[in-house]
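Report on the structure given below.
The values are calculated or read from the model by the stated rules, or taken from the named source; none is laboratory data. The model shown is predicted, which means the values in this text are computed figures rather than measured ones. In this analysis, Cβ positions are derived from the backbone assuming ideal geometry, glycine residues included, and neighbour counts consider all displayed protein chains. Remember, those area values only see protein heavy atoms, side chains included, never the ligands or the DNA or RNA. Shrake-Rupley method; radii C 1.70, N 1.55, O 1.52, S 1.80 Å.
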Amino acid sequence: MEKEKTFKEESAKTKIFIVLSMTFLIVVPITFLFGIYFFGIAGIFNILGIQYDSIWSLFWFGVFFFILDTFADIVKMAFILLLDRLSIANAGTIFVIHFLVIWSLLSLLNLLMDSITITINAQLIAAAIIALIEVAFNKINKKPKQIE
């Protein structure tokens, strides 16, 4: 029975193949997810008539929104857990939390980026659409309480 080779003992071709395969397995799904995210934002912007100077400004808006929303998810989850502890977490309050945080992100990015102009009505509608999508995909799965 042969002993398995370690990565150091592999040939150069095998090492390159392994590294490229792992890179491919990581980069492709991330690119796919960001592409869906980017074209979703582009679609919402097109429907709402939001003005942007170039596709690059839309790209950077998407990148900044994605990064900020990742950090904002921590805030959203903290509020949801707090409301859940207080037994007042329902679909309406969770939607309001998502809506307010997303609206603040859209307002912040509108303020910081001169290349994109988002009216207040478009901010409210976009925040409501994004919050509705997030709430739909992030349902709270509560286990029924057992009575002992």
> Per the Kirkwood definition applied to all pairs of different Cα atoms, how many angstroms is the hydrodynamic radius of the chain?
Replying inline: 18.5 Å
> Among 94-106, 113-125, what's the highest-first ranking by average C-beta atoms within 10 angstrom per residue?
Replying inline: 94-106, 113-125
> If you average the sequence gap of Cα pairs under 8 Å that are 6 or more apart and divide by the length of the chain, what percent do you get for the contact order?
Replying inline: 25 percent
>> Ignoring ligands, DNA and RNA, please state the percent of accessible area on the chain from carbon and sulfur, probe 1.4 Å.
In response: 71 percent
> Roughly how big is the chain's charge dipole about its Cα centre, with Cβ charges of +1 (Lys, Arg) and -1 (Asp, Glu), in debye to the nearest 20?
Replying inline: 420 debye
> Which value, in Å², gives the accessible area per residue of the chain when a 1.4 Å probe is used on the protein heavy atoms?
Replying inline: 76 Å²
>> Of Leu106, Ile18, Phe95, which is farthest towards the positive pole of the chain's charge dipole, taken about the Cα centre with +1 and -1 on the beta-carbons of Lys, Arg and Asp, Glu respectively?
In response: Ile18
